[in-house]
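The values are calculated or read from the model by the stated rules, or taken from the named source; none is laboratory data. Predicted model only: the values in this text are computed from it and were never measured. Don't worry about glycine lacking a Cβ; one is built from the backbone with ideal geometry, like all the others, and counts go over all protein chains shown. What goes into the accessible areas is simple: the full protein's heavy atoms, side chains included, and nothing from ligands, DNA or RNA. Shrake-Rupley method; radii C 1.70, N 1.55, O 1.52, S 1.80 Å.
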Amino acid sequence: MLTEDLARTTSSTQTRARPAPEQVLRQVFGYEHFRGPQQAIIQTVVDGGDALVIMPTGGGKSLCYQIPALVRPGVGIIVSPLIALMQDQVAALQQLGVRAAFLNSTQDFQEVRGIEEALYQGELDLLYCAPERLLQSRTLDLLHRCQLALFAIDEAHCVSQWGHDFRSDYLGLGALSEQFPDVPRIALTATADDRTQQEIAQRLQLVDAQHFISGFDRPNIQYRIGQKNNANKQLLAFINAEHPGEAGVVYCLSRSKVEATAKMLCDHGFNALPYHAGLPADVRARHQERFLREDGVIIVATIAFGMGIDKPDVRFVAHLDLPKSIEAYYQETGRAGRDGQPSTAWMVYGLQDAIKLRQMLESSAGNDEFKRVERQKLDAMLGLCEVTACRRQVLLRYFGEEAPEPCGNCDTCLTPPETWDATDAVRKALSCVYRTGQRFGVNYVIDVLRGVSNERIQQFGHHALSTFGIGGELSTTEWRSVFRQLVANGYLRVDAEGFGALALTETCRPLLKGDDSIQLRRDRSEPKSAKRSSGKSARDRLSQDLSPADQPLWEALRARRKELAAEQGVPPYVIFHDATLLDILHRKPRSLAELAEANGVGQAKLERYGQAFLDVLMSVVTDSNTI
Ligand code: ADP
Ligand code: ZN
């Protein structure tokens, strides 16, 4: 049931004043302030207007329709394509005391009848509905007999036929505007470039909708890309130093690497589970479920994992292989830190990654136009890896957003990379590629440069070349760094078949003619972690000012949350988010009234769980006082 006061004021049969959005924010959700454009969006819909909302993941889209649905008389209908997500959202709302339910294909007739009855009786504030279910005439007929507060169309980019999440059922949603001309509609998504925005507005017939476009930035995510030398060791060091016991996703390119990496993490004591399309559906479902429900599970996955993962407390996303585009990288890393708390996007990459992706692209089926677009995307991704300026600026610019200042929360900002004048070295490298006939891979060319006289080189007569042995001043590792950057920055092309022969591109001309100079990154032997550079890991930042004395209390609060979650059959974050728990820890409230002040403690949760957490506070604080 909706908390009693609100229930009285929101009940459609009463003529009392509606509650103010601020009041709902405070009483139901326990938050003090609206975030960014939330207030303006909510007001638009409360007043009966349509809205198109583009907001990054974690920006707070849900409140934009949940609050108007509670403020306006009648029930809010939420269209959502993802069944698992629907169930979690409804569970979370019920915990807040909101009368929410869902309709989808997982339910039997009995259940469906129960929900339809509740809907008809006006006993629901929010109803989540799969698009195909909503558009059935049975459902539409029922809705015509109910008072409707609004339609919210979540993941609205699914209407776009060009995107990879296209759902044909979404096309039918345009009809809602004719069928229910007086019900406000709000469409929301995190991913929409200009073209998709136009498409959403057009196909959903949001002719007069107000557009609310927020930036793409995810300031709480720290972006870091290091050089790969021993990926497993680097990954272990990263998790141990910064995210022990925390939830994360590790992305790999192949199924076999997913399996091997999950096993490696388990061997080192982590709770890691594999996820890829080759696993039976029930295993995948079980692993996903454990990731959502248990604390501190690491999922090791191919790109098959992610759609519909709404877990707010994913603290890191690690890439052991390079994604194919910045879009993919941003979407995958974007699964970290939905709760707005500090999180890390961590990646290691090396020369082989650059070569492998270039080869995969060139040898893929697909016409020239397709390849040209894919090549541009890969170039941008490799450019991001090699950039010496702020990574966030590169990311945001890629999505058409200006970022005037370096962000201060990426590896290149925290520890600016050194560069060196590599003009001479690069000329040597390029002419060696040229003189060996543009038919050899990087290891061979480096051997020639360094004057290694092996059988193969003898056989081809390359020990007699003018470039033989002219590169003794750099080590093999340093040369590999040079070649990686030349491949990444498009000076060298990689042969699609065979062993990756290098060839020059047009870009090389000014360099070879002596008209141009070139600066390259100097690789560090170990990618510096933010811990060493800024003195604070994400974990430190999350539990900022968490003094050692507070540690037992923090653990006790988390343990209590876990128990309550298990009793209720919901994930721990549905009871309270980390941020809320941390605020409780800092405030150390002594009464329910004081506890109610904490961020994220609404009225229903206060009544349900307040005493349980106060008891923990009392016992732990008393314990430590008596020592
Ligand atoms: P999105 O759907 O845009 O990814 P959500 O609606 O899931 O984001 O919100 C992300 C997180 O931010 C949620 O945990 C939510 O409770 C929290 N949140 C949203 N709005 C506020 C607010 N005004 N104050 C505090 N926390 C908020
Ligand atoms: Zn930066």
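Structure data summary
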| read-out | value |
| --- | --- |
| Computed log₁₀ I(q)/I(0) - Debye formula, equal Cα scatterers, no solvent, the chain, q 0.08 Å⁻¹ | -0.67 |
| Å² of accessible area per residue within the chain, as computed with a 1.4 Å probe and no ligands counted | 43 Å² |
| Computed Rg/Rh of the stretch 419-521, alpha carbon atoms with Kirkwood Rh | 0.94 |
| The stretch 419-521 - percent of accessible surface contributed by carbon and sulfur, probe 1.4 Å | 45 percent |
| Distance between modelled label sites at Q23 and S547, nm, 7 Å Cα→Cβ extension | 4.1 nm |
| Taking all pairs of distinct alpha-carbon atoms in the stretch 240-332, Kirkwood radius in angstrom | 13.3 Å |
| Cα gyration tensor of the stretch 148-227 - equivalent ellipsoid semi-axes, whole Å, descending | 29, 15, 11 |
| Extension gain from N271 to A503, taking 0.36 nm per residue of separation minus the Cα-Cα distance | 79.0 nm |
| Chain lengthening between S475 and S137 when straightened (0.36 nm per residue, less Cα-Cα) | 114.5 nm |
| Computed FRET value (nearest 0.05) for D217 with E369, which takes r as the C-beta separation and R₀ as 35 Å | 0.65 |
| With every protein chain in place, the stretch 221-414: carbon and sulfur % of accessible area (1.4 Å) | 52 percent |
| Euclidean distance between Cα centres, the stretch 358-401 to the stretch 475-523, Å | 17 Å |
| Of all DSSP beta bridges in the chain, antiparallel share, percent nearest 5 | 10 percent |
| Computed accessible area, F499, all protein chains, 1.4 angstrom probe, square angstrom | 140 Å² |
| Exposure ranking of R185, R480 by accessible area [1.4 Å probe, largest first] | R480, R185 |
| Per-selection Rg to Rh, the stretch 272-316 - Cα, Kirkwood hydrodynamic radius | 0.92 |
| Dipole magnitude (debye, nearest 20) for the stretch 221-414, charges at Cβ of Lys, Arg, Asp, Glu | 380 debye |
| Helix-only [θ]222 nm of the chain, DSSP H runs n ≥ 4, -39500 (n - 2.57) each, per residue, nearest 500 | -13500 deg cm²/dmol |
| Spacing of the two label points (7 Å from each Cα toward its C-beta) at N443 and A237, in nm | 2.4 nm |
| Estimated dipole of the chain in Debye, rounded to 20 [Cβ of Lys and Arg +1, of Asp and Glu -1, Cα centre] | 1420 debye |
| Two-site label geometry, Q519 and I83: point separation in nm, points 7 Å out along Cα→Cβ | 5.5 nm |
| Subset of K228/K562; K61/K371; K311/K356; K257/K371 violating a 30 Å alpha-carbon distance limit | K228/K562; K61/K371; K311/K356 |
| Positive-end residue, the chain charge dipole about Cα centroid, Cβ charges, pick of A596, I239, Y349 | Y349 |
| Sites A304 and F399, calculated FRET efficiency, Cβ-Cβ separation with R0 25 Å, nearest 0.05 | 0.55 |
| Percent of C-alpha pairs per 10 Å bin, the stretch 221-414, short to long | 9, 35, 37, 17, 2 |
| Residues A464 and D193, FRET efficiency given R0 of 45 Å [Cβ-Cβ distance, rounded to 0.05] | 0.25 |
